[in-house]
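First up is the structure itself, then whatever we jot down about it.
The values are calculated or read from the model by the stated rules, or taken from the named source; none is laboratory data. Keep in mind that this is a model prediction, so the values were computed, not measured. Glycine gets a Cβ as well: all are built from the backbone with ideal geometry, and neighbour counts include every protein chain shown. Ligands, DNA and RNA are stripped out before the accessible areas are found, and what is left, the full protein with its side chains, is counted by its heavy atoms. Shrake-Rupley method; radii C 1.70, N 1.55, O 1.52, S 1.80 Å.
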Amino acid sequence: MSTNPVLEAARPAARAVPVRRAFQLREWLEREAVFSWLMLTPPLLFLLAFLGYPFCYGVYLSFVRRPVAQPATFVGLGNFVNLWSDSIFWQAVWNTFRFTGAATVLKLVGGLGMALVMHQNFRMKGVTRALLLLPFIVPTVLSTVAWQWILDPGMGMFNRILMYVGLVTQGPSWLGNPTLALVSVILVNTWRGLPFFGITILAGLQTIPTELMETATIDGAGSWQRFRYVTLPLLMPVIFIVTTFSIIFTFFDFQLVYVLTGGGPANATHLMATYAYSISMGGGQMGLGSAAALAMVPMLGLVLVAMSSYVRKA
Amino acid sequence: MVGELTWPRRLLGLWVPLAALFVFALFPFAWMAATSLKANAELYDPAANPMWIRHPSLVHYIDLFKETNFVVWIGNTMLVALVSTLISLLLGVMLAYPLARMRFPAAGLLAISVAVAYLVPQTLLFVPMADLINRMKLGDSLSAVMLTYPTLLVPFCAWLLIGYFKTVPRELEEAALIDGASRWRAMTRVILPLCTPGFLSAGIFAFTLAQNEFLYALLFLNTSTIRTVPVGVTGELIRGDAFYWGQLMAAALLGSLPVVLIYSFFVKYYVAGLTAGSVKG
């Protein structure tokens, strides 16, 4: 472009056209919608390719019979019908609900207790908080392997201590007895998730103004009444969010059971996720496994509905 | 708290429960350490006090380094976690910035989709994902997990960053625009530098989640030298029915160390991320 001012002044019309077009392009890029979509497109394409597409493909797979390395044949609802009449599948469903229910209650009650204990003045609070959060930080598989060793029937820590203090001559088979195995799985999940509840609820507690507590005390409320009528109602939003998140991630848990018991003994600890894995990867039936995994979607939907109705109410 | 507590009440209300919490949370780590430092003769001696170490020994650590690919697994885990965290932060910013600070049609719908995507667990998608990765000829490579981990981390990073981006006043951006800056400049020079704590929170969190991931690694990493610590330990240190507990505990302890060290430097940001968005776990 010419930079001679005299020349340009002499030809105003010729100058105006290219400059104006460049100006428009810049203007267009500066529009909020254009700028936004230019930024959004790459991550959205990525998520569509690696999240949206696998989901749709999984739905398709659940309607076909597809053994490993063989072509698929359409079977309609056949996979779901098979699951419906599969007693191990129903056992896994029942286990998943018991596991999620018990672990969530334990984590919630324990976490609330932990938060109330931590919500006092004492030294080294930061270090305490960091240390108590360790179970949640450490890779689950590694801590679960340690738990497997703690629960080992012969030389594990629990039974060694029981025998060392002379309480029993032979400790129980923590992972070999169906009931105890489910209890153990719940215990390990609680161990890992309790600090998450504790620290998050503690953060909620710290947002409650102390004036409210003082006013309640002046009005004659005892410590239980302060907790019941002041603390708890104000904590409800935090408790609700933490609990719904925890329900989802406990319901869909895989690695803890896969490592600790592998679903055994006799399917007593199989969760829907580990069962779907054993059908598809162990049994090689991709269609049936995909259907078993998709059977977990209603739960996800239920929690999402509960969440959105709660958010709308608040 | 209201009022001063007397010392017996403080003992019962604070120190006793706190001690119980410490024991509950930390005894597995003590057991790991005690096991890993005992030679087999002492480890499997039924007469020995299980919580005491009479003859400390590093034999399990030496075996771990000499007989297995443990060092390679640690390297792989760090590499995968680092790459997938960086990808996720970049894509997360690109997703979060417009959703938090721009007005355009469909913004609300997209924000909800991000939240839903965050809640979709890998357990739901692993069957089709395995097929997809195999058809892309990425099976048995670190690229497979570097590509699939961000599917879990991008929605999380975006969700957390939306919260941070919203805290920066709109006037700052408008002032920059009036001074002649483009939207891109306003973003990179004004808004993003102010959100450094948000990046640290999202980054440290994504990093710990990536270190923790197991299912995709189990599906995609078969060759010993490309495994991450969780699949290496469960796949190779447990040989059939024989458990080498000393070596396993040494591996569990050392495998946890990097993430614990990094966490200890960024506890503040980790807790901020934890309480800001609620978390997978």
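What is the ratio of the Cα radius of gyration of region A:16-100 to 2.2 N^0.38 Å, with N the residue count, to two decimals?
2.09
How about B:Lys66: which lysines have a C-alpha closer than 19 Å to its C-alpha, ignoring those fewer than 8 places off in the same chain?
B:Lys38
Please give the FRET efficiency for A:Val34 paired with B:Leu90, using the beta carbon to beta carbon distance and R0 = 22 Å, rounded to the nearest 0.05.
0.60
Can you give me the C-alpha center-to-center distance between region B:211-269 and region A:100-154, rounded to a whole angstrom?
20 Å
Taking only C-alpha pairs under 8 Å that are 6+ residues apart, what is the relative contact order of chain A in percent?
Relative contact order for chain A comes out at 26 percent.
What number, rounded to the nearest 500 deg cm²/dmol, is the helix-based mean residue ellipticity at 222 nm of chain A, given -39500 (n - 2.57) per DSSP H run of at least four residues and division by all its residues?
Details: 18 runs with 219 residues, N = 314.
Per the formula, -21500 deg cm²/dmol.
Hey, what's the per residue convex hull volume over the C-alpha atoms of the protein assembly as shown, in cubic angstrom? Could the numbers behind the result be given before it?
Details: hull volume 128.9 nm³, N = 595.
Each residue corresponds to 217 Å³ of Cα convex hull volume.
Compute a Gaussian network model of chain B, connecting alpha carbons closer than 10 Å, and tell me which residue from B:Ala242, B:Ala111, B:Ala100 fluctuates the most.
B:Ala242
Dipole magnitude of chain B about its Cα centre, charges +1 at Lys/Arg Cβ and -1 at Asp/Glu Cβ only, in debye to the nearest 20?
Roughly 600 debye for chain B.
Label point 7 Å out from B:Ser264 along Cα-to-Cβ: which residues of region B:62-85 have amide N under 16 Å?
Backbone N within reach: none found.
Summarise the accessible area of region A:78-313 (1.4 Å probe, protein heavy atoms) by the percent that is carbon and sulfur.
Here it works out to 67 percent.
If one computes the Cα centroid of region B:133-185 and of region A:245-307, what distance in Å separates the two points?
A separation of 30 Å, based on Cα centres.
Take the Cα of B:Ala106, step 7 Å along the line toward its Cβ, and report every residue of region A:26-41 whose backbone nitrogen sits under 11 Å from that point.
Counting backbone N atoms under 11 Å from the label point, the list is A:37-38, A:40-41.
Please find the FRET efficiency linking A:Thr41 to A:Gln206, where r is the Cβ-Cβ separation and R0 is fixed at 51 Å, and quote it to the nearest 0.05. Present the calculation step by step, with values, prior to reporting the outcome.
On the way: r = 40 Å, r/R0 = 0.79.
Between A:Thr41 and A:Gln206 the formula returns 0.80.
Could you tell me the ratio Rg/Rh of region B:7-57? Both radii from Cα atoms, Rh via Kirkwood.
Rounded to two decimals, Rg over Rh is 1.22.
To the nearest 0.05, what FRET efficiency results for A:Arg129 and B:Tyr44 with a Förster distance of 41 Å applied to their C-beta separation?
On the way: r = 37 Å, r/R0 = 0.91.
That pair, A:Arg129 with B:Tyr44, gives E of 0.65.
Which value results when the Cα radius of gyration for region A:78-313 is divided by 2.2 N^0.38 Å?
1.20
Work out the P(r) tail for chain B: percent of alpha carbon pairs separated by more than 31 Å, whole number.
For chain B, the fraction of Cα-Cα distances above 31 Å is 45 percent.
Over region B:37-117, what per residue volume does the convex hull of the Cα atoms give, in whole Å³?
173 Å³
Using modelled backbone amide H atoms (1.01 Å from N, in-plane), which distant-in-sequence or interchain residues come within less than 5 Å of B:Lys38's amide H?
B:Ser57
Taking only Cα atoms, what is the 0 to 90° angle, nearest 10, from helix B:107-119's long axis to the longest principal axis of chain B?
Rounded to the nearest ten degrees, it is 10.
Determine the calculated [θ] at 222 nm for chain B from helices alone, applying -39500 (n - 2.57) to every DSSP H run no shorter than 4 residues and normalising by the residue count; nearest 500 deg cm²/dmol.
-22000 deg cm²/dmol
Treat each spin label as a single point 7 Å out from the Cα along the C-beta direction, and report the A:Phe97 to A:Ser173 distance in nm.
About 2.9 nm, to one decimal.
Just add up the charged neighbours of A:Leu288: K/R +1, D/E -1, any other residue whose Cβ is under 10 Å from the Cβ of A:Leu288. Could the numbers behind the result be given before it?
Working: positive: A:Arg65, A:Arg66; negative: A:Asp86.
Residues near A:Leu288 contribute +1 overall.
Ratio to report: Rg/Rh of region A:52-207, with Cα atoms as the point set and Rh obtained by the Kirkwood method; give two decimals.
1.12
Tally Lys/Arg at +1 and Asp/Glu at -1 over every other residue whose Cβ is under 15 Å from the Cβ of B:Ala30; what's the total? List each step's numbers first, then the result.
Values: positive: A:Arg160, B:Lys38; negative: none.
Neighbour charge sum, excluding B:Ala30 itself: +2.
Of the residues B:Ser256, B:Ser182, B:Ser57, which exhibits the maximal mean-square fluctuation in a Gaussian network model of chain B defined by a 10 Å Cα contact cut-off?
Between B:Ser256, B:Ser182, B:Ser57, it is B:Ser182 that shows the largest mean-square fluctuation.
Count charges around A:Met272 for me, please; just the other residues with Cβ under 14 Å from its Cβ, Lys/Arg as +1, Asp/Glu as -1.
Spelling it out: positives minus negatives among the neighbours equals -1.
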